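Enquirer: Please find one structure pasted underneath; my questions will follow.
What follows draws every value from the coordinates through simple rules; no lab data is involved. Nothing here was measured: the structure is a model prediction, and the numbers come from that model. Cβ coordinates were reconstructed from backbone atoms using ideal geometry, including for glycine residues, and neighbour counts include every protein chain displayed.
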Protein chains: 2
Amino acid sequence: MRIAQVAPLAEAVPPKLYGGTERVVSWLTEELVAQGHEVTLFASGDSQTSATLVPCVPQGLRLAGIRDHIASHLVMLNTIRRRAAQFDLIHFHLDLLQYPLFQDLAHKCVTTLHGRLDFPDFHPVYYAFPHMPLVSISEDQRRPMPPHVTWLATIYHGLPPSSCPYNVAGGDYLAFLGRISPEKRPDRAIEIAKRAQVPLKMAAKVDKVDQEYFEEAIRPLLDHPLIEFIGEIDEQQKGDFLGNALALLFPIDWPEPFGLVMIEAMSTGTPVIAWRHGSAPEVVDDGTSGFIVNSIDEAVAAVGRVRDLSRERVRHRFEGRFTSTRMAADYVAAYERLLSGAVRPKPRTSVAA
Amino acid sequence: MRIAQVAPLAEAVPPKLYGGTERVVSWLTEELVAQGHEVTLFASGDSQTSATLVPCVPQGLRLAGIRDHIASHLVMLNTIRRRAAQFDLIHFHLDLLQYPLFQDLAHKCVTTLHGRLDFPDFHPVYYAFPHMPLVSISEDQRRPMPPHVTWLATIYHGLPPSSCPYNVAGGDYLAFLGRISPEKRPDRAIEIAKRAQVPLKMAAKVDKVDQEYFEEAIRPLLDHPLIEFIGEIDEQQKGDFLGNALALLFPIDWPEPFGLVMIEAMSTGTPVIAWRHGSAPEVVDDGTSGFIVNSIDEAVAAVGRVRDLSRERVRHRFEGRFTSTRMAADYVAAYERLLSGAVRPKPRTSVAA
């Protein structure tokens, strides 16, 4: 299949530092190439891929210091629109800008929605272009959306089985990994560790916008023999950090559409103790790859039971559900369903009519 | 002529509070209707106009608490694109989003650029769509733009002659009107007033983002018998505030593409003492409607000479150059030049080709 993958231009594919969407686009693109498809990746020029790269800006816009990203995306989309006949399928990883220009190509266009969908700001486009085929990254992510949009599938993210290697032994500490921000609830992680009397290691970056929250709400909690704040870690260190843990704490307080760190932990064999929120109950198999909890009390109890879980079964569950190979196969099945006409986007007159 | 005016959706037309672009769109729209054109205004539903209003969102997005405005604008543009055949001319007051969707209608589309153009972020669209006809609001505004874009005209803003009424007598104080922000240089205004030994009244709002600058750099300068800080004023008070002044100080430190407050002062007969920056030398006729200065020394000297200027001649210059009637006539001439084929946008294949 001749497939165009359209990445956000904020970061390179894969990203130099952070960028969950660009990491997923990279894994998907490499897998589709490996599975024999002819893939063209529209992305920033500092991207690395085995697909055919069409560089749309010299480098990822954020690290290039470009603050308004709209112009660069519009130009990329215009380029793709002019080349649309060269592709059997065009797969967008952008939220918004593609709908007007590609509305008459709904029969061969797919958009994966990577963000939360509960803000009203974006809803006007979903009402105006309800025929554009969409992929959600969890069932929970769909809840706030208008009723008449065209869902093609829910496809959970997946990652290469070697990126966070299986660690048969695990370790003795609880792990917290992510940004320090109120909705990630690092304060809950600290309270759970102290009450469970188990060490907690926190690998977390503090963005400028969260600096005040960190100083006022979190730093005062760190001065405790069980709590170790190790700051930011890179992709290389992540596998060790997660693999050497007893469990990952994921005590979120927001509708996270898909938390990649959960499947990264599972990939190393480390189970996940996650709050019942957002995608967590869909990703964690309660009692097998971790525990879904509703309160600090339940989380503390889960820490007590987590050694009863088999790390091998956690890894096994990861291999069954969350590899990039499975993700790519799901996408190809969705592409084929769309192209076969099994999902019929409501036909629209061309914009030029 | 059947004309579509396309306003930003951030504020109503005219705006309830602030919104320079929406004020200009309102003045232009009302004048075009008065001159006998059939005008359709695409704007927020709380707009007030004698044109045919097509409400594209219920109310201006900023006061509605919508932070991301892209989706609403995309839907508006899609509506206009579907109705494009109903208009002889479509006039956009948006920076970016219209180019891909209207590229094959360049022969009947005009965009007025209302903002500064020296940030690189927007330039990709001007390189990608160089055939789209543009109007600048000052000559100076054009300087940072790529060389091959299609300039149709420079058209200075204009306002209704009655909105800031002529005040034959004027007054004894210097006026500063605008936001408190570093590039507006309220500190210079204060220094000029103190050195010239003339009272200064400052009517200025302090945005949240400028609060720290205000507290640290400006508030300590306010405790002086000559300086009076009166805070925010509304449109009604503006005429009196400017009309009762000896001169308006406009000591800007940034390339302001067009400073409406300069022509509002001139409308009341009050001359303008402005820094040689941005559009100021094009708007102020040095020695007639005010003085263009390069330094605090020159500004202090200008305050000494400003009583020699005739307020009647200042008003006369306003009436000759900066009324909304003149602005609308200039736009109609530009529309007609475009429609006659005198300006030939480089033809482009339709995006759907």
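Enquirer: In deg cm²/dmol and to the nearest 500, what is the mean residue ellipticity at 222 nm of chain B if only DSSP H runs of at least 4 residues count, each as -39500 (n - 2.57), divided by the residue total?
Expert: -9500 deg cm²/dmol
Enquirer: Something else now. From the Cα gyration tensor of the protein assembly as shown, with a ≥ b ≥ c the square roots of its eigenvalues, which class applies: rounded if a/c is under 1.5, or else prolate if a/b is larger than b/c, or else oblate?
Expert: Oblate is the answer for the protein assembly as shown, as a/c is 1.5 or above yet b/c matches or exceeds a/b.
Enquirer: Hey, another quick one. Sort B:Glu256, A:Glu312 so the one with the fewest other Cβ atoms within 10 Å of its own Cβ comes first.
Expert: Ranking B:Glu256, A:Glu312 by Cβ neighbours within 10 Å, fewest first, gives A:Glu312, B:Glu256.
Enquirer: Using amide H atoms built 1.01 Å from N in the peptide plane, name the residues 5+ places from A:Ala12, or on other chains, whose amide H lies under 5 Å from its own.
Expert: Here A:Gly60 satisfy the definition.
Enquirer: Can you tell me how the stretch B:3-113 classifies by the Cα gyration tensor, rounded, prolate or oblate, using a/c under 1.5 as the rounded cut?
Expert: It comes out oblate by the Cα gyration axes.
Enquirer: For every other residue with a beta carbon closer than 12 angstrom to the beta carbon of A:Arg142, add +1 if it is Lys or Arg and -1 if Asp or Glu, then tell me the sum.
Expert: Its environment carries a net charge of -2.
Enquirer: All other residues with a Cβ under 13 Å from the Cβ of B:Asp121 taken together, and with Lys, Arg as +1 and Asp, Glu as -1, what is their net charge?
Expert: Overall, the nearby charge balance is 0.
Enquirer: So, one more: Can you sort A:Val13, B:Val75, B:Val332, B:Val284 from fewest to most other Cβ atoms within 10 Å of each residue's own Cβ?
Expert: So the residues, fewest neighbours to most, are B:Val332, B:Val75, B:Val284, A:Val13.
Enquirer: A further question follows. Compute the normalised compactness of chain A: alpha-carbon radius of gyration over 2.2 N^0.38 Å, N being the residue count.
Expert: Taking the Cα Rg and dividing by 2.2 N^0.38 Å, one obtains 1.02.
Enquirer: Then there's this: Among A:Arg188, A:Arg337, A:Arg67, whose mean-square fluctuation peaks in a Gaussian network model of chain A (Cα, cutoff 10 Å)?
Expert: Among A:Arg188, A:Arg337, A:Arg67, the largest mean-square fluctuation in the Gaussian network model of chain A belongs to A:Arg67.
Enquirer: Let me ask you something else. After finding the eigenvalues of the alpha carbon gyration tensor for the stretch A:130-182, what semi-axes result from the square roots of 5 times each, listed largest first in whole Å?
Expert: Numbers: eigenvalues 239, 56, 15 Å².
They are 35, 17, 9 Å, listed largest first.
Enquirer: Can you sort B:Glu31, B:Glu212 so the residue with the fewest Cβ neighbours within 10 Å comes first?
Expert: Lowest to highest Cβ neighbour count: B:Glu212, B:Glu31.
Enquirer: Report D for the stretch B:90-242 in µm² per second (integer): Stokes-Einstein, Kirkwood Rh on Cα pairs, 4 °C, 1.567 mPa s.
Expert: 69
Enquirer: Can you tally the net charge around B:Val198? Count Lys and Arg as +1, Asp and Glu as -1, for every other residue whose Cβ sits under 11 Å from the Cβ of B:Val198.
Expert: +3
Enquirer: Please give the FRET efficiency for B:Tyr18 paired with A:Leu339, using the beta carbon to beta carbon distance and R0 = 60 Å, rounded to the nearest 0.05. Walk me through the numbers before you get to the answer.
Expert: Details: r = 50 Å, r/R0 = 0.83.
In this case the efficiency is close to 0.75.
Enquirer: In the Gaussian network model of chain A, springs joining C-alpha atoms below 10 Å, which of A:Pro55, A:Pro160, A:Pro251 carries the largest mean-square fluctuation?
Expert: A:Pro55
Enquirer: Something else about it: Hey, in the GNM for chain A with a 10 angstrom Cα cutoff, which one of A:Ser163, A:Ser324, A:Ser289 fluctuates hardest?
Expert: It is A:Ser163.
Enquirer: Across peptide B:123-131, how many C-beta atoms of other chains are within 10 Å of each residue C-beta, on average? List each step's numbers first, then the result.
Expert: Details: counts 4, 12, 7, 2, 2, 7, 3, 0, 0.
Average per residue, whole number: 4.
Enquirer: Quick query: amide H of A:Leu41 versus all other amide H atoms, modeled in the peptide plane; which residues come in under 5 Å with a sequence gap of 5 or more or a different chain?
Expert: Hits under the 5 Å cutoff: A:Gln5, A:Thr52, A:Leu53, A:Val54.
Enquirer: Measuring label to label, 7 Å along Cα→Cβ, what does A:Arg219 give against each other copy in nm, shortest first?
Expert: Going from nearest to farthest copy, the values are 2.3 nm.
Enquirer: Label-to-label distances across copies for B:Ala85, with labels 7 Å out along Cα→Cβ, in nm, shortest first?
Expert: Ordered by increasing distance: 2.3 nm.
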